[in-house]
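Before any comments, here is the structure.
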Amino acid sequence: MKTKFILYSLVGLLAITILSFANLSSKTTISSLTNDELANLSVQEVLIELKDEKPIHYIHKENADSVRMGYELVHFGQLKNKSNKRISKFFVCTDCHNQVKEVRNLSIETADERLRYGIKHQIPFLPASTFYGLYNKRHWYNGDYYKKYGDLVLPTRDTLINAIQLCAVQCSQGRPMQTWELRAVLHYLRSIDYKIKDLSLTPQELEYIKLHLGTSSPKTIKMIKSKYAETNPATFGDPYISISDDAVGNIENGKYIFEKGCLHCHQLGKNITAFEFDAESLTFSFLEKKLKKHSNYSVPYIVRKGTYATSGKRQYMPQYPLEKMNKQQLIDLIFYIKSKSK
Amino acid sequence: MKLTLTTVLVILGLTTFSQEKIWNTFEGTRVLNNHSTEMLYKHNLEIIIAHKFGDIAGSNGGFDNFFGFDNLADVRFGFEYGATTNFDIGLGRNKGVNQQTQVIDGYAKYRFIQQEKNGKPINLTFVSSMAFVGRKASTDSTSIAYYKEPLERLIFTNQILVSRKMNQRLSLQINVGYHHRNLVTYNDVNGMIFTGGVIRYRVTQTFGLITEYNHVWNRVKATGQKNPLSVGFELITGGHNFTIVLSNGRGINENLFLSNTYSDWLKGQWRIGFSINRRFKL
């Protein structure tokens with residue numbers, strides 16, 4: 001009787017032990033993914049499955065609550081329940097940064113592609129980089145932003161969380177963010193990082209990735225990283241442009257830049273700038289007249305140089321680097337303004 | 001049948017979609033002296049400094065008084081705050097005019113309707129303001145400042161403003177209201193009903209012309225009071241707004257200029273005034 005009991009117990013224990021092993025091994029290996037499942041995976045996770053080095057800002061598990069709070073901080077400048085102080089009384093992040101993909105093919109992130117895709121999807125045409133995929137970058141405040149912010153950019157160049165902090169204080173003219181707020185924004189950025197389906201991969205490339213998942217594969221990593229830029233480069237343009245007599249501007253493009261760019265901040269009722277205007281002839285005549293002078297109000301000057309925050313008037317205009325508005329697009333804008341001021 | 005269906009759909013469309021709002025019917029919360037339907041943005045603080053000088057011509061004007069610049073008619077320092085998008089409060093200190101001096105005023109202003117591109121055709125704002133005359137009571141029993149108790153020092157003005165931005169250049173406003181002084185001289189009325197009108201015409205992006213007139217219906221002729229008429233222009237630069245006004249009214253606040261205007265345009269008793277506004281985000 002007793003031995004029977006012990007035997008049954010042992011068999012039971014054994015069964016449990018075996019089952020628990022079975023449990024462990026039943027965790028899906030990432031390589032048995034369908035194409036659809038792979039398409040929805042985040043690029044960062046796939047890179048780690050390929051044994052790429054984790055970035056400093058790597059977040060192991062996305063927290064839905066943090067994502068929501070990050071979303072609110074980015075869109076409204078504070079939590080919706082208003083339990084924290086506004087980050088800035090002058091700006092919210094979305095005044096300068098989009099939250100969506102700005103080009104069709106991430107490996108061709110030119111100003112022209114941005115404009116074409118932007119017109120198609122009616123995306124704001126803004127001077128700063130989109131938050132979509134910012135999590136996948138490796139360096140921030142690149143290129144000529146050193147000229148503008150000097151040594152302030154150095155700690156941000158390889159650390160995303162420092163870039164967020166610099167932008168809260170410098171770009172948004174606000175207060176330093178607290179650690180939990182920075183974490184929340186980071187979680188939010190993780191929620192809008194690149195997914196495999198954003199990368200314009202061929203079916204062969206997808207198969208190639210699947211084949212190597214779970215193994216250390218620098219080649220696959222390199223292939224994936226060739227599909228998008230790991231930085232947002234920035235080159236400041238010349239504030240004095242000479243438009244040759246045979247130059248032509250595309251008025252349709254200019255209209256888009258004006259309406260989805262300039263008006264994004266300057267539209268009457270927006271309460272972002274103290275210099276508000278609309279798309280009416282008085283505005284265009286005003287801007288056109290200033291074109292002739294190289295004053296601070298002249299459109300090429302303001303686009304390339306922006307304005308600086310002064311005490312008492314802390315809201316300033318961020319400049320458009322060439323990557324965000326190229327020479328031809330500036331000419332398009334000027335032609336549009338001229339065409340409307342008549 | 002088809003027609004009724006489309007009408008219903010159109011009406012539904014008009015009511016269900018939020019319309020694009022029309023902003024900047026006027027540049028500031030004041031036209032020249034009186035309120036406009038315009039509101040401050042939420043969290044914005046505005047500081048207004050307004051001056052009015054003495055008579056340009058007439059017996060008190062002319063070269064002797066350097067066309068009025070030597071004697072100040074009124075000065076007002078105002079602090080106004082946009083508590084919400086549609087609710088403003090304000091506080092001001094006036095030098096005051098004639099016998100009503102050292103005046104503190106305060107107001108609350110609510111916007112009920114904002115004009116929309118394809119929706120509501122007008123702006124409608126209600127302003128309730130009050131002033132307290134702070135000077136020492138006069139000992140002259142015929143004086144308007146012969147205060148026997150503090151309540152007599154109060155003046156009230158409630159008005160409804162209706163405006164419409166006709167196009168980028170032209171804005172019109174009419175207002176009706178009730179103005180009440182707790183203490184008046186023996187031959188005057190305490191309560192006055194008034195109607196006013198404003199025309200604003202923007203010549204360029206940064207320059208506009210304005211006229212403002214208020215008519216009191218039950219004014220007692222014998223008091224010698226006049227209806228305040230002002231013409232002026234505005235210079236708009238980002239962050240400040242500068243207006244220059246010519247007016248027979250000496251007072252700057254509505255509690256003063258509605259009933260305390262004795263000057264006559266026809267006798268050269270008009271003056272230059274100006275106001276500078278500066279906005280801050282809080």
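Each reported figure results from applying straightforward, stated rules to the coordinates on display, with no laboratory input. Every value quoted in this text rests on a predicted model; they were computed, and no experiment measured them. Here the Cβ is made from the backbone with ideal geometry for all residues, glycine too, and neighbour counts use every protein chain on show.
List of remarks:
- The shape of region B:176-246 can be summarised by an equivalent ellipsoid whose semi-axes, obtained from the alpha carbon gyration tensor, come to 33, 12, 10 Å from longest to shortest.
- For the protein assembly as shown, the residue among B:160, A:6, A:155 whose Cα projects farthest onto the positive side of the dipole built from Cβ charges is A:6.
- In this simple spin-label model, placing a label point 7 Å from the Cα along the Cα-to-Cβ direction at both residue A:207 and residue B:242 gives a separation of 7.4 nm.
- Global geometry of region A:164-250, whether rounded, prolate or oblate, following the gyration tensor of its Cα atoms and the 1.5 cut on a/c: oblate
- Kirkwood radius, chain A, all distinct C-alpha pairs, inverse of mean reciprocal distance: 22.9 Å.
- Region B:197-254 and region A:247-313: distance between their alpha carbon centers, rounded to Å: 31 Å
- Counting Lys and Arg as +1 and Asp and Glu as -1 over every other residue whose Cβ lies under 11 Å from the Cβ of residue B:173, the net charge comes to +1.
- Region B:2-281 - charge dipole about Cα centre, Lys and Arg +1 at Cβ, Asp and Glu -1, debye rounded to 20: 580 debye
- For region B:35-169, the Rg and Dmax computed from alpha carbons only, in angstrom: 18.8, 59
- All other residues whose Cβ lies under 14 angstrom from that of residue A:104 are scored, Lys and Arg at +1 and Asp and Glu at -1, for a net of +1.
- Cα-based radius of gyration for region A:178-335, normalised by 2.2 N^0.38 Å, reads 1.43.
- 10 Å Cβ shell holding at most 11 others, DSSP loop, trypsin sites (Lys or Arg not before Pro): longest site-free stretch of chain B: B:149-282
- Residues whose amide H lies under 5 Å from that of residue B:220, counting only those 5 or more places away or on a different chain, are B:189; hydrogens are built 1.01 Å from N in the peptide plane.
- Note on region B:2-281: Cα Rg divided by 2.2 N^0.38 Å, N the number of residues, gives 1.08.
- Entry note, chain A: the mean residue ellipticity at 222 nm calculated from DSSP H runs of n ≥ 4, each adding -39500 (n - 2.57), is -12500 deg cm²/dmol after division by the residues and rounding to the nearest 500.
- Shown for region A:33-234 is the translational diffusion coefficient from the Stokes-Einstein equation, using the Kirkwood radius over Cα pairs, a temperature of 4 °C and a viscosity of 1.567 mPa s: 73 µm²/s.
- Restraint check, A:255/B:21; B:95/B:281; A:197/A:227; A:313/B:21, Cα-Cα greater than 18 Å: A:255/B:21; B:95/B:281; A:313/B:21
- Gyration tensor analysis over the Cα atoms of the protein assembly as shown returns equivalent ellipsoid semi-axes of 63, 31, 23 Å (largest first, whole Å).
- Per the Kirkwood formula applied to alpha carbons, region A:251-341 shows a radius of gyration over Rh ratio, Rg over Rh, of 0.94.
- Long-range Cα-Cα pairs in region B:204-282 (distance over 18 Å), rounded percent: 48 percent
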